[in-house]
Amino acid sequence: MIAAECDSRIADIAAKVKADERLSFAEGLFLDEQADLLTLGRLADLVRERKNGRYAYYNTNVHLNPTNVCVYRCTFCAFRSDLRAEKAYVFTDEMIRERVLEAREHGATEIHVVGGLHHLKKFDWYVDVVRTIHETCPEIHIKAWTGVEIHWFSHLTNKPYDWVLQEMMDVGLGSLPGGGAEIFDEEVRSQICEHKSDAGRWIDIHRTAHGLGLRSNATMLYGHLEQARHRVDHLCQLRGLQDETGGFQTLIPLAFHPENTGMSHLAKPSGHFDLRMIALSRLMLDNFDHIKAYWIMLGEKTAQVALGFGADDLDGTVVHELIYHDAGAKTPEGLTVGQLHRLIREAGCEPVERDTLYRRVVRDGPKWTVGEPVLVS
Ligand code: V47
């Protein structure tokens, strides 16, 4: 495309963003393939400001991955293990209780639970993980099980998604994390997670969860075999479901970490690519309130800069992260609240501790209560 034509398309898109109008698939594709980073960032920051002002959110959370044993062999995953491999593990009830009590000591408002699909564990074992957490510390919000896990539970029990979700809600499930979405395009999906629940099912599970009153998150895994058209299609599909239900809270663009995976020959996405994905997501998802720059995966420095490219959330203190660290992430396994505040303030934003549902947390050391939502628009 010649420069003048490119400039005129950018001007049209900028006018639409300023008028708060929805961008089309073709415009998204153009932005992904041709727009320069600073233009993308400037436009995305406009949307971010409109939705969240200069607030930047974080939360106090702890991760729990109850097992790494998994029936699937997703090419992008370094975390999974075979049953008899040396690295295989399964948490006992006692270990779960210990992790939850540690979370409480840290003042965590959320526990983030995802893991492998252990073929020797029955559905009741997964229900008991949630029950044990809830009984140990009822005030902590349990954000647990990706759409892929919910699909596996449905397969194990031969029951529909709403039944599975209701069983989990009855013992304390509070919301669903965004994992398992990867990239919706079937051709790419068949190369990176061949046997896993397909895109239609992932969407259906989140639709069902929203219908039951559960909020959920969404993710997009980029920087592997996908191309621009797959990323834009992914974002448009998420936007479509959000139009229907309004149940998504945030999108987390996830940069592929190749180390120790079946695609270790690929280069890790650059900082430039990471920022482009944050900005593109902010621009395409006009009906999502939040875009999360997950510092564990981006690194603190890129995550901080992302706050000026459309992101409004850094995720949390995240103690005990394994999925990215097994795949070579060099970030620390946790950040203190003081470190998060400094990153946010230096980026010209005001730090707000939120709970999982984006309500302000009012804190006195490890003790906390939940206040009002902090949304600007
Ligand atoms: O679905 C796995 C991704 C996801 C790798 O909802 C990888 O708040 C890059 O969903 N390189 C699980 N990505 C993590 C997840 C998540 C993380 C933080 C916050 C939330 C939330 C959700 O991690 C998987 C997959 O897309 N993943 N391996 C890898 N080597």
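Read-outs throughout are calculated quantities, based only on the coordinates presented, and are distinct from any laboratory measurement. This one's a predicted model, so the numbers in the text were calculated from it and none came from an experiment. Note that we place each Cβ from the backbone using ideal geometry, even for glycine, and neighbour counts take in every protein chain shown.
A compact table of results
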{"item": "DSSP loop trypsin sites (Lys or Arg not before Pro) with at most 16 other Cβ within 10 Å: longest gap in the chain", "result": "123-329"}
{"item": "Coordinate range along principal axes, alpha carbons of the range 41-373, Å, largest first", "result": "50, 48, 40"}
{"item": "For Tyr55, residues with placed amide H under 5 Å, excluding near neighbours", "result": "Glu350"}
{"item": "Contact order normalised by residue count of the chain, Cα under 8 Å, 6+ apart, percent", "result": "23 percent"}
{"item": "Subset of Lys16/Lys196; Lys18/Lys196; Lys268/Lys367; Lys121/Lys196 violating a 28 Å alpha-carbon distance limit", "result": "Lys16/Lys196; Lys18/Lys196; Lys268/Lys367"}
{"item": "Loop GluC sites (Glu not before Pro), the range 52-113 (other Cβ atoms within 10 Å of the site Cβ: 10 or fewer; DSSP)", "result": "Glu86"}
{"item": "Contact order normalised by residue count of the range 6-165, Cα under 8 Å, 6+ apart, percent", "result": "20 percent"}
{"item": "The range 17-87 and the range 142-163: distance between their alpha carbon centers, rounded to Å", "result": "23 Å"}
